[in-house]
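Undergrad: Please see the structure below; I have some questions.
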Amino acid sequence: MAATPRKKSPARRKSTAAPRFSWVKVLTWGFVILFTAGVVLHYRDALLYYFSFKSKHSLKEDKVAEARIFQILQKYPDYCVGLDVSEYQGNIDWDVVDSLEGRPIRFVFVRATCGRDRKDAQFETNWKGAKKYLRGAYHYYRPDENSLEQARKFIATVALQPGDLPPVLDIEQLPENQSIERLKIGLQKWLDAVEKHYHRKPIIYSGQRYYEDFLKEEFAAYTFWVANYNFFAETLQPDWLFWQFSEKGRVEGIPEKVDVNLYNGTPKMLDYLVHP
């Protein structure tokens with residue numbers, strides 16, 4: 001039986017119609033261009049400073065972040081600049097650490113403990129190295145662990161001396177196994193135990209959103225160290241004792257990027273924290 005011949009499929013004609021105009025693409029690219037132009041205009045002096053006089057830095061570094069640090073420090077010429085460090089900064093050469101963008105480093109916070117059972121691997125070295133500054137120690141709080149056990153771990157690790165800054169409670173996480181109300185009770189227990197031991201009222205550290213949503217009202221008796229890295233945030237709020245405004249600082253002697261902070265006041269005012 002003869003095979004039935006196959007019919008040829010009709011050839012597809014190439015469309016000669018012009019591509020459709022997309023307002024979405026136009027608006028997207030317009031936004032990108034305007035945003036980039038706004039960034040360059042806003043940070044023009046700082047960016048010129050970095051690209052002209054900091055050319056020895058690797059091009060891979062985040063120039064915009066460095067420019068923002070420069071600009072904020074320029075905005076607050078009389079305020080105290082400080083750092084906070086942990087094992088994540090690696091082996092710090094404290095003999096070299098001195099300044100940031102020509103501004104002397106006035107204070108350093110050192111991570112001491114995490115949760116109920118962990119000491120920062122570099123605490124002893126960093127605590128000793130930071131002695132030439134006003135130094136303070138902080139505890140990273142784990143919401144789902146016993147608060148008094150965490151307080152005891154911090155107390156057993158940190159021996160504050162005359163001239164040291166108050167102890168700090170770092171709370172950033174939400175609990176998984178308890179309510180917010182139970183978390184707040186635990187935080188208060190930690191604060192009470194630490195204050196009773198050191199006879200110093202602790203400082204509370206957190207991100208701005210966490211601070212405003214969960215801490216600001218019920219812990220109003222405490223002073224706060226607030227983190228906000230928002231690109232357009234350039235103002236130290238009056239109710240913040242310290243402002244951690246960048247996590248991308250570059251300091252000679254510190255091999256990794258480091259958090260940069262401003263104290264809400266002058267060196268003389270900072271002394272009041274050490275000698276209340």
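The values are calculated or read from the model by the stated rules, or taken from the named source; none is laboratory data. Since we're looking at a predicted model, the values are computed, not measured. When we count neighbours, we look across all protein chains shown, and the Cβ atoms used for this are built from the backbone with ideal geometry, even at glycine. To get the accessible areas, we keep the full protein, side chains included, count just its heavy atoms, and leave off ligands, DNA and RNA. Shrake-Rupley method; radii C 1.70, N 1.55, O 1.52, S 1.80 Å.
Undergrad: Average the reciprocal distances over every distinct pair of alpha-carbons in the stretch 150-209, invert the result, and give the Kirkwood radius in Å.
TA: For the stretch 150-209, the Kirkwood estimate is 12.6 Å.
Undergrad: Consider all pairwise Cα distances in the stretch 108-187 and report the whole-number % of them above 14 Å.
TA: For the stretch 108-187, the share of Cα pairs beyond 14 Å comes to 60 percent.
Undergrad: Could I ask something else about it? Quick check on packing: order 218-230, 102-114 by the mean number of other C-beta atoms within 10 Å, highest mean leading.
TA: 102-114, 218-230
Undergrad: Would you please give the residues with an amide H less than 5 Å from that of Ser246, counting only those at least 5 places away or on a separate chain, with H modeled from the backbone geometry?
TA: Excluding prolines and chain starts, which carry no amide H, the hits are Val260.
Undergrad: Still on this model: Just to make sure I understand: if all protein chains stay in place, what is the order of Lys184, Lys216 by accessible area at 1.4 Å, largest first?
TA: Heavy-atom accessible area, descending, gives Lys216, Lys184.
Undergrad: May I have the count of lysine pairs in the stretch 103-213 with C-alpha atoms under 30 Å apart, counting pairs 8 or more residues apart or located on different chains?
TA: Lysine pairs meeting both conditions in the stretch 103-213 amount to 26.
Undergrad: Something else now. Can you tell me the mean projection area, over all orientations, of the convex hull of the stretch 161-245's alpha carbons? Units nm², please.
TA: For the Cα atoms of the stretch 161-245, the hull's average projected area reads 6.5 nm².
Undergrad: Cα centroid distance between the stretch 248-272 and the stretch 122-150, in Å?
TA: What the calculation gives is 17 Å, centre to centre.
Undergrad: Rounded, prolate or oblate: pick one for the stretch 78-122, where a ≥ b ≥ c are the square roots of the eigenvalues of its C-alpha gyration tensor, a/c under 1.5 means rounded, and failing that, prolate if a/b is larger than b/c, else oblate.
TA: oblate
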